[in-house]
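A.B. asks: For reference, the structure I am asking about is given below.
Values quoted throughout were computed directly from the atomic coordinates according to the rules given, and no laboratory measurement underlies them. The structure displayed is predicted, hence computed values, not measured ones. Note: ideal-geometry Cβ built from the backbone for every residue, glycine included; neighbour counts use all protein chains shown.
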């Protein structure tokens with residue numbers, strides 16, 4: 001099994017059962033700091049899409065980011081290092097929490113809780129283990145530790161983490177870069193007749209989906 005394969009297989013990746021954080025909580029994850037570089041450059045996509053003018057350079061730059069995010073959203077991954085934040089009302093009944101957008105990175109990871117007075121308290125990293133090699137990534141309580149219980153009624157838990165293959169475009173698999181180029185080309189060529197009612201699968205070209213399906217993971 002290759003490193004990109006997952007225990008859910010290479011299909012749509014959406015058949016997993018409800019997981020530790022629960023479906024009601026998972027939607028609260030948000031990208032709070034985006035990647036500082038893109039997996040592909042303007043020169044690369046202009047050559048790929050046969051764009052021989054500089055008149056659209058600003059548009060090209062914008063669409064590269066849009067194409068990368070579309071590919072990330074379709075595959076439920078982060079490609080280049082970025083920061084995500086998730087708020088939860090309660091901790092799960094399990095001793096672990098699974099986090100979306102693999103691969104989870106161990107740097108700058110933090111869990112904090114808020115009591116009824118909105119006082120934020122950091123949960124010591126001595127209390128848990130960060131699993132960066134699992135898909136999805138997870139944080140697991142160390143033996144004989146428990147999650148904090150003094151929580152306000154809503155958004156009592158905040159988890160901040162970094163995720164992605166790495167900080168450089170070199171960390172992103174070449175076929176994923178090709179998928180982003182395909183999405184970019186579709187967006188650029190049809191920029192005047194975009195269908196804003198299209199589903200995610202319809203927005204991502206078939207060829208890109210064929211590539212990204214082997215990287216796709218459940219949207220927890």
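A.B. asks: Given a Förster radius of 45 Å and the C-beta distance between residue 143 and residue 56 as r, what FRET efficiency does 1/(1 + (r/R0)^6) yield to the nearest 0.05? Walk me through the intermediate numbers first.
C.D. replies: Values: r = 57 Å, r/R0 = 1.28.
Here the calculated transfer efficiency is 0.20.
A.B. asks: Working out 0.36 nm times the residue gap between residue 160 and residue 178, then minus their Cα-Cα distance, what length gain in nm do you get to one decimal?
C.D. replies: Details: separation 18, 0.36 × 18 = 6.48 nm, distance 3.00 nm.
The residue 160-residue 178 span can extend by a further 3.5 nm.
A.B. asks: Multiply the residue separation of residue 130 and residue 30 by 0.36 nm, subtract the distance between their alpha-carbon atoms, and state the gained length in nm to one decimal.
C.D. replies: Numbers: separation 100, 0.36 × 100 = 36.00 nm, distance 1.95 nm.
Extra length from residue 130 to residue 30 when fully extended: 34.0 nm.
A.B. asks: Also, I was wondering about something else. Tell me, what is a quarter of the convex hull surface for the C-alpha atoms of segment 86-220, in nm² with one decimal? Could the numbers behind the result be given before it?
C.D. replies: On the way: hull surface 44.0 nm².
Computed as one quarter of the Cα hull surface, the answer is 11.0 nm².
A.B. asks: Under a crude label model (7 Å from the Cα following the beta-carbon direction), how far is residue 37 from residue 112 in nanometres?
C.D. replies: Between residue 37 and residue 112, the simple spin-label model gives 3.0 nm.
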